[in-house]
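**Student:** Mind having a look at this structure? Questions to follow.
The values are calculated or read from the model by the stated rules, or taken from the named source; none is laboratory data. As the structure is a prediction and not an experimental result, all values here were calculated from the model. Cβ placement follows ideal geometry from the backbone for every residue including glycine, while neighbour counts extend to all protein chains displayed. For the accessible areas, the whole protein counts, side chains as well, though only heavy atoms, and no ligand, DNA or RNA atoms are used. Shrake-Rupley method; radii C 1.70, N 1.55, O 1.52, S 1.80 Å.
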Amino acid sequence: MENGMGAQKAHRGHCLILPYPLQGHVNPVLQFSKRLQFKGVRITIAATISFFNRIKDATSLFPLGMISDGFDEGGANQAESIEAYLKKFQQVGSETLGELLEKLRDSGSPVDCVVYDAVLPWALDVAKKNGVSGAAFFTQSCAVDNIYYHVYKGIVKVPVEETRIAIPGLPDLEPADLPSFVTKPETYPAVVEMIRNQFIDIDTADWVLFNTFYKLEEEVIDWMKGLWPVRPIGPTVPSMYLDKRVQDDTDYGLNVFKPMAEACTKWLEGKASKSVVYVSFGSLASLDAEGMAELAWGLKMTGKYFLWVVRASEESKLPKDFINETSEKGLIVSWCPQLEVLADKSIGCFVTHCGWNSTLEALSLGVPMVGMPQWTDQPTNAKYVTDVWKMGVKAEPDEKGIVTKEEIENCIRQVMEGERGEEITRNAKKWVELTRDAVDEGGTSDKNIDEFVSKLVSP
Ligand code: UDX
């Protein structure tokens, strides 16, 4: 019998993966799922109905099990507030996740472990109630989550009043280096609550997985290992991109923007090595119109080629005439295949908001960064990029909080030309090698994944 107990023991386990339905969270979790699948683990993605509707075109990647966040039409966009969304997601999500686990068990494909985004800690209760192990997956850096842990414990008070913040495993930080939810908790109180809740029952998680790698965050990982079964398993950048050559149709993200992908790669074709500035602020962050204009004219002032991702919702902020004046030098798209772009040898600099995925992608592909952090974890990531990993510089805002065109031009020149650029290039080589070492067979992250897999069916 194919579905009999004997047949199940033969496989290497079954993970039910629960992502938080936002691009920056979904991408790393799906990439990790791909690694597990490659190692013989059966994967089912627990997808909310609204999320499924958005990724219909990509559903051939993994089998999906449907759950509900209580907003089947439009997900978080349909809720009156993020608070209302999270509350409903917890309530309806818990019920429907439990039902999905039962359904999979009854159909002869019992789940061995629920891998859930750490911002959905209720999934661990559901897993335990169903006799299944639970792995928290943190999609942000260990350093950032250690800051959040200290906030949760009340050791770091929010909003922060000190001018220097000392946290184990981290360099001394200034308030400007802290996540915005710590310095300005009043902006998104529900998100601050969500961040604290990540740690509520983490002590009972069977695994605590981080999208990072040992050498990148050695000190903080060592410190956190004293608390929980922490395993760095990243970066979740597919090795086909680390090879910088091979292309694949499936990048396991939400990118279903094929025509734009082709336009970008075609435009990059033939450009000299390290001659192009790539600019993107991820899926959420945005500049105001003044900041956008400064960035635009700063790019023009460098005289360099640039590929700029301006989401459709942001387009109206582009200064008039900018596109006409720079059509020879620049390409503006509303989305691009970022990994493919960063892996292209023509890219010499990445002007980034320092989202964790973008930071890891640039670092593992050796692309120097100009950090323009906007909110959430980005200021801390920018601090590490500049002062710890020495992979770029941070563009500092003026007294009015605007990053001027002169600052942008100067930062781009610093990383692409001159001594600072040479130092960054040397570091870039080091990080590319260390990333490869971590994810290659037998590397630290690979071994952690192997350990996780080996204990799935024989704990
Ligand atoms: C959000 C937060 O803003 C970020 O700070 C946090 O660390 C994760 O959640 P986001 O803003 O989308 O994420 O940024 P980021 O983490 O960098 O993730 C963006 C992802 O989208 C990356 O994997 C990137 O490769 C991809 N992307 C982005 C594209 O594929 N194409 C684009 O044009 C832009």
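**Student:** What accessible area per residue comes out for segment 330-459, rounded to a whole number of Å², with a 1.4 Å probe? All intermediate terms of the calculation are to be shown ahead of the outcome.
**Tutor:** Details: 4890 Å² over 130 residues.
Per residue, segment 330-459 has an accessible area of 38 Å².
**Student:** Now a separate question. Hey, could you grab the Kirkwood Rh for segment 261-435? Inverse mean 1/r over distinct alpha carbon pairs, Å, one decimal. The partial results should precede the final answer.
**Tutor:** Values: mean 1/r = 0.0631 Å⁻¹.
One decimal place: 15.8 Å for the Kirkwood radius.
**Student:** Could you run the Debye sum over the Cα atoms of the chain, one equal point scatterer each and no solvent, and tell me log10 of I(q)/I(0) at q = 0.06, 0.08, 0.13 Å⁻¹, two decimals?
**Tutor:** For the chain at q = 0.06, 0.08, 0.13 Å⁻¹, log10 I(q)/I(0) is -0.25, -0.46, -1.26.
**Student:** Apply the Karplus parameterisation 6.51 cos²θ - 1.76 cosθ + 1.60, with θ equal to phi minus 60°, to every residue of segment 108-119 and state each ³J(HN,Hα) to the nearest whole Hz, in sequence, with x for glycine and proline.
**Tutor:** x, 10, x, 8, 9, 8, 9, 9, 10, 4, 4, 7
**Student:** So what is the calculated 222 nm ellipticity per residue for the chain, using -39500 (n - 2.57) for each DSSP H run with n of 4 or more, over all residues, to the nearest 500 deg cm²/dmol?
**Tutor:** Details: 19 runs with 196 residues, N = 459.
The helix contribution divided over the chain gives -12500 deg cm²/dmol.
**Student:** In whole percent, how big is the carbon plus sulfur part of the accessible area of the chain, probe 1.4 Å, protein atoms only?
**Tutor:** Reported share for carbon and sulfur atoms: 49 percent.
**Student:** If you don't mind, another one. Dipole magnitude of the chain about its Cα centre, charges +1 at Lys/Arg Cβ and -1 at Asp/Glu Cβ only, in debye to the nearest 20? Write out the running numbers ahead of the final one.
**Tutor:** Details: 48 positive and 65 negative charges, 191 e Å.
Charge dipole, the chain, about its Cα centre: 920 debye, nearest 20.
**Student:** Something else now. Read phi for every residue in segment 401-412 and hand back ³J(HN,Hα) as whole Hz from Karplus 6.51 cos²θ - 1.76 cosθ + 1.60, θ = phi - 60°, with x for Gly and Pro.
**Tutor:** Going residue by residue, I get x, 9, 8, 6, 4, 5, 5, 5, 4, 4, 5, 4 Hz, with x marking Gly and Pro.
**Student:** For helix 418-439, what angle does its Cα long axis make with the longest principal axis of the chain, in degrees from 0 to 90 and rounded to 10?
**Tutor:** Between the helix axis and the principal axis of the chain, the angle is about 10 degrees.
**Student:** Using the Karplus curve 6.51 cos²θ - 1.76 cosθ + 1.60 with θ = phi - 60°, work out ³J(HN,Hα) for each residue of segment 284-289 in order, rounded to whole Hz, and write x for Gly and Pro.
**Tutor:** 3J(HN,Hα) across segment 284-289, in whole Hz: 10, 5, 9, 9, 7, 4.
**Student:** Percent of Cα-Cα pairs per 10 Å bin, from 0 to the last occupied bin, for segment 10-159, please list those.
**Tutor:** 11, 39, 36, 12, 2, 0
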